[in-house]
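Scroll down for the structure; my scribbles are underneath it.
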Amino acid sequence: MVDRIEYRKRPKIVCVDLDGCISSYRKGWLGIGTFGEPIPGAKEGLRKLNDLGYYVVVYTVRGDIEKIKVWLDRHGMVYDSVNWHPWKYPDEDGRKVGADVYVCDRSLTFRGDWVSTVREVKRFKTWEGI
């Protein structure tokens, strides 16, 4: 863990969701060791983020980090870590990985308006239709 001054010197952190952004999730959850095919453009997108200086965190609810790394490496995905980064604040103890940007197939951007947000949640569908 780092102090707050050192935290400000860190690179920009981007968390990219594994299922639905890197690995296809079209068939839904099939088990901890079962992954979809790589999503077209994911390999190039992750490489570009890394080339731009982002620290790339692959984040997922999956628990077996080693199986995830094997899958990512087998498909040539560029990443710095899975579900973790070295710039955690000393008082952080939650499961959410701190980042500057989150890329997720199941997210909405909150724009300060709960009426619109509730409407968007009710209409939400992932790009894969899940």
**Study point:** Solvent-accessible area per residue, Å², over the chain with all protein chains present [probe radius 1.4 Å]
**Key:** 65 Å²
Check your understanding: So if we plug the beta-carbon distance of Asp105 and Leu52 into 1/(1 + (r/R0)^6) with R0 = 35 Å, what FRET efficiency do we get, rounded to 0.05?
Key -> 0.95
Practice item. Among Ile68, Val14, Ser107, pick out the residue whose Cα is farthest towards the positive end of the charge dipole of the chain, where Lys and Arg carry +1 and Asp and Glu carry -1 on C-beta, about the Cα centre. Key: Ser107
Review point. When DSSP assigns beta bridges and you keep just the ones with both residues in region 1-123, what percent turn out antiparallel, to the nearest 5?
Key: 10 percent
Check your understanding: To the nearest 20 debye, what charge dipole does region 1-93 have about its Cα centre, counting +1 at the Cβ of each Lys and Arg and -1 at the Cβ of each Asp and Glu?
Key -> 260 debye
Exercise for review: Just the number, please: carbon plus sulfur as a percent of the accessible area of the chain, 1.4 Å probe, no ligands or DNA/RNA counted.
Suggested key: 53 percent
Exercise for review: With a 10 Å radius around each residue's Cβ, average the other Cβ atoms per peptide and rank 26-32, 45-51, 57-63, highest first.
Suggested key: 57-63, 45-51, 26-32
Revision key, fill the gap. Note, region 95-101: 3J(HN,Hα) by Karplus (6.51, -1.76, 1.60, θ = phi - 60°), whole Hz, Gly/Pro = x, goes 8, 6, 7, x, 7, 7, 9
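Could you work out how much longer the chain between Asp93 and Val121 gets when fully extended? Use 0.36 nm per residue separation minus the Cα distance between them, nm to one decimal.
Full extension from Asp93 to Val121 adds 7.3 nm.
From the alpha carbon gyration tensor of the chain, can you work out the equivalent ellipsoid semi-axes (sqrt of 5 times each eigenvalue) and give them in Å, largest to smallest? List each step's numbers first, then the result.
On the way: eigenvalues 114, 96, 41 Å².
For the chain, the semi-axes come out at 24, 22, 14 Å.
The values are calculated or read from the model by the stated rules, or taken from the named source; none is laboratory data. On a predicted model such as this, the values are computed, not experimentally measured, just so you know. All Cβ positions, glycine included, derive from the backbone under ideal geometry; neighbour counts span all protein chains shown. Just the protein is used for accessible areas: all its heavy atoms, side chains included, with ligands, DNA and RNA removed. Shrake-Rupley method; radii C 1.70, N 1.55, O 1.52, S 1.80 Å.
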